[in-house]
Amino acid sequence: LGGGMIVAGVTLPGLFDESRTAVSGGTGDRKPLNIPPLLPGVQAGGARQFSLRLQKGVSEFIERRTTPTIGINSAYLGPTLEMHAGERVRMSVVNALDEPATLHWHGFNLPAAADGGPHQPIAPGETWSPSFEIRERGAMFWYHSHMHRRAGPQVYHGLAGAIYVRDRESERLALPGEYGVDDVPLILQDRSFGSAGELIYSPSMMNRMMGVTGDTLLVNGGIGRTFDAGSDRLRLRLLNGSNARFYRLSFSDGRSFHLIGTDGGLLAAALRTDHVILAPAERAQIIVDLQDGLAVKLLAADARRTMMRGGMMARGADRGERFVALDIRPGEARRRWGPLPRRLVDLAPPDASKAVRKRRFVLDMPMGMMRGGGFTINGRSMDMQRIDEAVTVGTDEIWEIENASMMAHPFHVHNVQFRVLDRDGRPASAAELGLKDVVVVRPRERVRILVRFEEYTDRDLPYMYHCHILEHEDAGMMGQFVVRA
Ligand code: C2O
Ligand code: CU
Ligand code: CU
């Protein structure tokens, strides 16, 4: 595959192409990166109000091909919602699709009735108006469909968007912070296109098992885009919004950069590295310096090897694709940046000494799945009528997640930012010491996390924990818990 992926005679530039990179290096005729519009909402009745509409649309990902998609206030994906720690928000979500859908606020502590999970479907033509208080720290969160058994196809076709939460502690740091100029969300999603331009979401057995991946990388809904940086120090907020693909992100010249934040907030101190790995739904905030004035490419390599153990599948996966996620051209130095702040925010290391209880979750893909059975957690597939766990509000618990399958699973828990304690008894790495709402559990691995729930609901409405490979979630690798006073 020397010249990029050929789909019906169209070369998709999203796929990594060594020859082109080496020869031209130039990016002159490429289209600019899409920046999702920033939606600040409006103040009304003591809350910040957002009006969102789930709608059908037509997108042009590939020139002169039209792609039916769905989005939020737009044809594909949605605006970046801007919120502030401590305030109350109210959402008005109109479903103008012809199927039920939900919007889940991923990463937030909130009442279960506002969660937007499978218990809050919005029927076509109806409006859902949850309200909740922003208890999170400054970070990038996201929202996406969580429709029961339909999250995979609905997110794949476009029902997702980013959320910026701002707080004082992180805003006052000397970090790039101008939205779309030197503070840029990058939503990474792999997709496959048919010959007419349509998105291909195939429910084959292989896709059900491995999750749906595509041969083309979209960044903010565009293929092969260029970003002209507005400053010579860039803050990138990376979101793996893919259904199933894991990425290893790095720069084409191998330059190092700083990881400054994880899913739910900034780290206590910046961490120098040359790559980050993001599983589906994970986020990372990085700072990259462009002071050398050189153009550079952000590369996204398939990180499937971290997903497998042994056997034929692992060998096949060694041919993992590499994508050019983004061509970055340095901008003019608008301001002179000093060294990165040494300390970022107050974040003590996790302390499990007050944990009152331990729970165990075993993730598995039993072979019966092939004959229509589901994926399981603790031997059971998701059942909307069954509450699997009941926890007490305001208490620390240790959750031990064990992967009994041959494939890595990104385990996500609603209504909490948790801390990673250890993997198979080894302390969490520095890159995982931040606030997290998704943690990768590799085959045969045992990961312990520290959770504490601050929000609950008085009706026995549950929250979810699940694998964030959306096809696994849809196939039942999900459970329900309530938080009681
Ligand atoms: Cu991002 Cu339960 O989901
Ligand atoms: Cu979530
Ligand atoms: Cu999974």
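Readers should treat all values here as calculations from the given coordinates under stated rules, not as data from a laboratory. Here the structure is a predicted model, which means the values were calculated and not measured. Reconstructed Cβ throughout: ideal geometry from the backbone, glycine too, with neighbour counts over all protein chains shown.
Taking a virtual spin label 7 Å from the Cα of residue 294 along the C-beta vector, which residues in segment 241-257 bring their backbone nitrogen under 11 Å of it?
In segment 241-257, the label zone of residue 294 (backbone N under 11 Å from the point 7 Å along Cα→Cβ) covers 252-256.
Got a sec? How would 469, 35, 62 order by Cβ neighbour count within 10 Å, fewest to most? Walk me through the numbers before you get to the answer.
Numbers: 469 29, 35 15, 62 18.
Fewest-to-most ranking of 469, 35, 62: 35, 62, 469.
Return the long-range amide H neighbours of residue 138 (sequence gap of 5 or more, or a different chain), with a cut-off of under 5 Å between placed amide H atoms.
HN-HN under 5 Å from residue 138: 167, 170.
Go ahead and estimate [θ] at 222 nm for the chain from helices alone: -39,500 (n - 2.57) per DSSP H run with n ≥ 4, summed, over the residue count, rounded to 500.
Working: 6 runs with 34 residues, N = 485.
Calculated at 222 nm, the ellipticity per residue is -1500 deg cm²/dmol.
Between residue 268 and residue 99, with labels modelled 7 Å along Cα→Cβ, what's the label distance in nm to one decimal, could you check?
About 4.6 nm, to one decimal.
Can you work out D for segment 39-115 in µm² s⁻¹ from Stokes-Einstein, where Rh is the Kirkwood radius over C-alpha pairs, the temperature is 20 °C and the viscosity is 1.002 mPa s?
Working: Rh = 14.1 Å.
D, rounded to a whole number, is 152 µm²/s.
May I ask for the net charge around residue 130, where only other residues with Cβ less than 10 Å from the Cβ of residue 130 are counted and Lys, Arg are +1 while Asp, Glu are -1?
Numbers: positive: 90; negative: 115.
Counting the neighbours of residue 130, the net charge comes to 0.
Quick check: from the Cα gyration tensor, does segment 38-168 come out rounded (a/c under 1.5), prolate or oblate? Provide the component values of the computation, followed by the final result.
Working: a/c = 1.89, a/b = 1.50, b/c = 1.26.
Cα axes put segment 38-168 in the prolate bin.
Count the DSSP beta bridges whose two residues both fall in segment 38-168, then state the antiparallel fraction as a percent rounded to the nearest 5.
Working: 24 of 38 bridges.
Antiparallel bridges make up about 65 percent of those DSSP assigns within segment 38-168.
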